[in-house]
Structure formats: C-alpha cells, structure tokens
1. Let me confirm something: among Asp145, Asp175, Asp210, which residue is buried (at least 18 other Cβ atoms within 10 Å of the Cβ), charged (D, E, K, R) and out of contact with any Leu (no Cβ under 8 Å at 6 or more places or on another chain)?
2. Restricting region 1-25 to residues that are of a type outside the set (D, E, K, R), under 14 Å from the mean Cα position of the chain (by Cα) and not in a helix (DSSP H, G or I), which is surrounded by the most Cβ atoms within 10 Å (Cβ to Cβ)?
3. Looking at region 107-147 only, could you name the residues that are in a strand (DSSP E or B) and in contact with a helix residue (DSSP H, G or I) (Cβ under 6 Å, 6 or more places away or on another chain)?
4. Please go through region 148-178 and give me each residue that is within 19 Å of Leu218 (Cβ to Cβ), touching a residue at least 40 places away in the same chain (Cβ under 8 Å) and part of a helix (DSSP H, G or I), ordered by number.
5. Is there any pair linking a residue in region 43-58 that is in a helix (DSSP H, G or I) to one that is basic (Lys, Arg) and surrounded by 16 or more Cβ atoms within 10 Å (Cβ to Cβ), with Cβ under 7 Å and at least six apart or on different chains, and which?
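Where a number appears in this text, it was derived from the coordinates with a stated rule and is not lab data. Computed from a predicted model, the values in this text were never measured in an experiment. Virtual Cβ from ideal backbone geometry, glycine too; neighbours counted across all protein chains shown.
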Amino acid sequence: MLFIDLDGTLLDVTKRHYATYVEVLGMPDIRGVPIPLKEYWGLRIENKPVNEILKRSRLFPPKYKTFIERFEERLETPEMLGLDALRTGTETALGKYYTKTPIVLVTQRRDGEALESQLASLSLTKYFVTVLSGAPARLRRADPDQRWKHKVQLIKERYRLPPTEAVYIGDTETDVKVARHFGWEVYLVENGHRKKELQMKADPDRIVPDLPATLKFLLPGGRWQR
C-alpha cells in the first residue's frame, strides 16, 4: 500500500501560499510589507517560524495571531486553490502505481469539500482508494509534534489495523515521523517544502528529485514488481 502527501509532493503550491500571504498583509487592519517570493519561500523551506517571516514583513507582533487566522481562512478558498499546479509527471506516476497497489492520500487540508473539488478538477480523484484529510486543532501553545501526530491519527481512524508494510512518500520531516511511527519505508521528494539538508537530517530511506523518480525503486523489479 502507498500513502502519499499532497501539498509539495504532488502539487506546486508556492503561488497559492505567497498570494495568500500578500493578500492578508494588504488588509487594512493588518498592513504589513511583503518580502519577495524567493525570500519568503527560502524561509519556508528552511522551516523557519512564521513569526520570523512576519517580523521581516514589518508586522507588529500584536497582529501575528490575526494574520495567521486570516491566512488559514483564505488559503483554501477556490480562487487561491486555483493557483496550484500539478507537478510534472505526477499523473503518469500515479497511474503506474494505481495498477499495482492501493494509494491513500494523506493531507492536513482544513476544507474537505474544497479539497474534493480540487482533486476532481485536476483529475486525481480516481487514483486514491481513500483521502484522509483534516487539520490539527489550534493550540494555545505550539507543539512541534502536533502535525505528524495528527497525520498518524488520521490514518489510525481510518485503519484500525494499519498495514504492517507500506511506503510513504512526502516532502518533510513530518512525513518521515509518520512513516517511522508505523514502521514503513519512507521517501522524500526534493521539490517540496524542505531544503535537502533538512530532509537528510530527517533520515528518510531515500531522497529523490520528484515523484516520478520513485518509480525506478518501486516499479518494476522493486516492491511492486508484478
């Protein structure tokens, strides 16, 4: 069985996140100054705290919480989701996996209906036996383990007896921790949300350029060689 992450792994979401960031900073009661796209994503792939990005955006600290709430509200609206792009070769790779093993999509999107609509518009729905989605609860105090533990919970809620052998493909340390929790093999793609140095530190089984690059290790002659 194959478990796979969505944002960063299958979709290029750089335009959506940056456009949302710029829009919210421009709101009359926020009024920050956007940093350039390259700088913004440079900080994101280094996994820098959002407060550091907001500080560089000349936003007053009392407005940080409001910014984050507005950002989350706008990020999954139809107009913003329309900025996402399917990564090159993704549909072909999914099609090949689809004939060999069940594929489960695991994502921490908040809006299930918007997610379903986007997957349909991108012609991806047919590849997944199930889609596990939902965002972790907002905590008063940040928990560095919250995101991976929430993904684990999404899987456990769907599968009371998760498979003992599976492959997880993602792009961040969160995905590695989820896979390790279940004892699964894990691959990270380089074209996602983390710089390679941080991916190496997370210690996945393999780091590959993109999703199509995983095929040579899993098909044919690999795990799913039939």
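1. Asp210
2. The qualifying residue surrounded by the most Cβ atoms within 10 Å (Cβ to Cβ) is Leu10.
3. The answer is Leu132, Ser133.
4. Selection gives Asp175, Val178.
5. Within 7 Å, the pairs are Ile45/Arg194.
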